[in-house]
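In what follows, a structure is listed as structure tokens, so that the remarks can point back to it.
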Amino acid sequence: MILVWIVLFLSVNLTECVPEKPKRSTLNQLTRTLLRKYDCGVRPVHNWTSSTTVYIDLILQSVLDVDGKTQSITTSIWYRQIWRDEFLVWDPEDFDGITELSLSSDAIWVPDIIVTEFVEEGKSPPIPYVYVNSSGSVRNYRPIQAVLACSLEMYAFPFDKQNCSLTFRSWLHSVKEIDLALWRSAEAIAGDKREFMNDGEWELLSVPSQYWQIRQDDADYAQIQFNLLIRRRPLLYVVGLLIPSIFLMLVDVVSFYLPLNSGTRIAFKISILLGYTVFRVNLTDELPATALRTPLIGVFFVVCMAMLMLSLIKSILVVKLLHHSEKEVKQMSLSACLLDRSLEEDLLSLNDVPDPPSGLEWLLQELVSLRMAFSQEDSESSAQAEWLSLCLRLDRLLFRFYLLVLAVYTGTLLLLWARWSFT
Ligand SMILES: *[C@@H]1O[C@H](CO)[C@@H](O)[C@H](O)[C@H]1NC(C)=O
Ligand SMILES: *[C@@H]1O[C@H](CO)[C@@H](O)[C@H](O)[C@H]1NC(C)=O
Ligand SMILES: *[C@@H]1O[C@H](CO)[C@@H](O)[C@H](O)[C@H]1NC(C)=O
């Protein structure tokens, strides 16, 4: 009884299935025909002595990040590889004129081409298909977002150029099995900036490429190296880092015109130095960090700070000298007053003169002309006046020296940076 039921069930199932079985599409037939005896683990050549040439093409799409600390660069590239598969050949006449079809990349042989500089393959979307045409040419196109190891030279920051290479090679197969070649001419690839997102911090200069074979363990390996030559756009850093710093230096230079004896000059210079320190602390994140060499701009900041400090020290010294001389001159005039009572009122009023250089000079002239008798003290007073004018002259001299050092320093830096940014 059960057996009858099963037979009945099966027959019903069969009668339901047969009319619904679809006729295979031409595409399906072609795919089945091509993959029926295909072994995806075997290099697709009829004669094992012939090599498979893989043609490579690359378009740089963007530079996402350049990291000086880890010496790496994150890029997004469009990568294409094309090779000939001698087993995926058909006559389009037999298959409704189909000349191209896509196949799953898992089902066919794919060369093991890798980039030796990859530190980490980023978030590249997986592309599961390749395109094959009737003469067996397989096109494998995919976008790659990758982190590449690159030795970055930050010395010229923010006027730096970087040269990062992408080396494609077969990890395992020697040149006898897999050879490499460029799909387009090297010039066409070098100058191709169509897809490059040109609004970012980096400007693409060119992508020169070269082919060579390296020898490893008695076998030659073919490899193609692309050098990504990129240049940083410095404007952001010039506006954010250099110009504020230059402004502070200018204010510092102008502060030399504050009167020496008023005492505000030192307070002013100290506040500039303080402002500069705060500015520097805020900037530490923006400077690229490299272990080997400090970027020149770091040296620039330190030297700017040293200059501010020097100008402060210089002012302190001159003010100290000046106050010393003023006190002595006042003591001198007091002794002169005691010596001659007839000029008492004159001297008392003169002591209150607020502007020391002119007032003291006048006082000393008075003393020289009226007090011939006290020749010794007179000569001492004129010595004091000379000292005063010496102070002022010293101030002027140091200021000129400071300006000279500053000009030489600025000139050198400008020359260096101009050379880097225009070559
Ligand atoms: C393979 O190719 C080489 C030269 O290209 C030839 O000498 C050899 O006979 C070929 N082998 C076969 C099995 O066709
Ligand atoms: C297949 O593609 C290759 C490379 O794109 C091309 O050279 C060849 O002519 C194509 N074959 C056919 C039959 O379209
Ligand atoms: C970039 O670096 C490669 C080697 O890493 C070198 O062969 C090439 O000449 C360099 N290019 C420039 C423009 O410096």
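The values are calculated or read from the model by the stated rules, or taken from the named source; none is laboratory data. Predicted model, so just to flag it, every value in this text is computed and none were measured. Virtual Cβ from ideal backbone geometry, glycine too; neighbours counted across all protein chains shown.
Restricting attention to the range 197-211, the residues being away from ligand 3 (no atom under 16 Å from the Cβ) and within 15 Å of Lys161 (Cα to Cα) number 2. Restricted to the range 92-115, and to residues there that are farther than 22 Å from Arg43 by Cα and touching a residue at least 40 places away in the same chain (Cβ under 8 Å), the residue that is farthest from ligand 1 (Cβ to nearest atom) is Asp96.
In the range 43-56, which residues are surrounded by fewer than 17 Cβ atoms within 10 Å (Cβ to Cβ) and either away from ligand 1 (no atom under 16 Å from the Cβ) or in a strand (DSSP E or B) (or both)? The answer is Thr53, and nothing else. For Arg233, the test of being at pLDDT 90 or above, away from ligand 3 (no atom under 16 Å from the Cβ) and within 18 Å of Trp420 (Cα to Cα) is passed.
The selection criterion, being surrounded by fewer than 16 Cβ atoms within 10 Å (Cβ to Cβ) and within 16 Å of ligand 2 (Cβ to nearest atom), holds for Val89.
Scanning the range 373-405 for residues that are at pLDDT 75 or above, in contact with a helix residue (DSSP H, G or I) (Cβ under 7 Å, 6 or more places away or on another chain) and among the charged types (D, E, K, R) yields a single hit, Asp395. Residues that are out of contact with any Phe, Trp or Tyr (no Cβ under 8 Å at 6 or more places or on another chain) and hydroxyl-bearing (Ser, Thr, Tyr) are absent from the range 239-249 altogether. Only one of the listed residues (Ile246, Ile224) is out of contact with any Gly (no Cβ under 7 Å at 6 or more places or on another chain) and modelled with pLDDT of 90 or more. That residue is Ile224.
Of all residues assigned to the range 253-263, at least one qualifies as being in the same structural domain as Ser311 (by TED's automatic domain parsing), of a type in the set (A, V, I, L, M, F, W, C) and assigned to a loop (DSSP other than H, G, I, E, B). The condition (being away from ligand 3 (no atom under 16 Å from the Cβ) and crowded, with 16+ Cβ neighbours inside 10 Å) is satisfied by just one residue among Ile127, Ile113, Ile189: Ile113.
If the condition is being away from ligand 3 (no atom under 14 Å from the Cβ) and in contact with a helix residue (DSSP H, G or I) (Cβ under 9 Å, 6 or more places away or on another chain), then the range 155-168 contributes Tyr155, Phe157, Pro158, Phe159.
Scanning the range 116-128 for residues that are over 28 Å from Ser174 (Cβ atoms) and touching a residue at least 40 places away in the same chain (Cβ under 8 Å) gives a single hit, Gly122. Evaluating Ile59 against the criteria (1) assigned to a strand (DSSP E or B); (2) surrounded by 14 or more Cβ atoms within 10 Å (Cβ to Cβ); (3) within 16 Å of ligand 2 (Cβ to nearest atom) leaves one unmet condition, (3). The residues on offer are Phe247, Phe268, and the sole one that is among the aromatic types (Phe, Trp, Tyr) and in contact (Cβ under 8 Å) with a residue 12 or more places away in the chain is Phe268.
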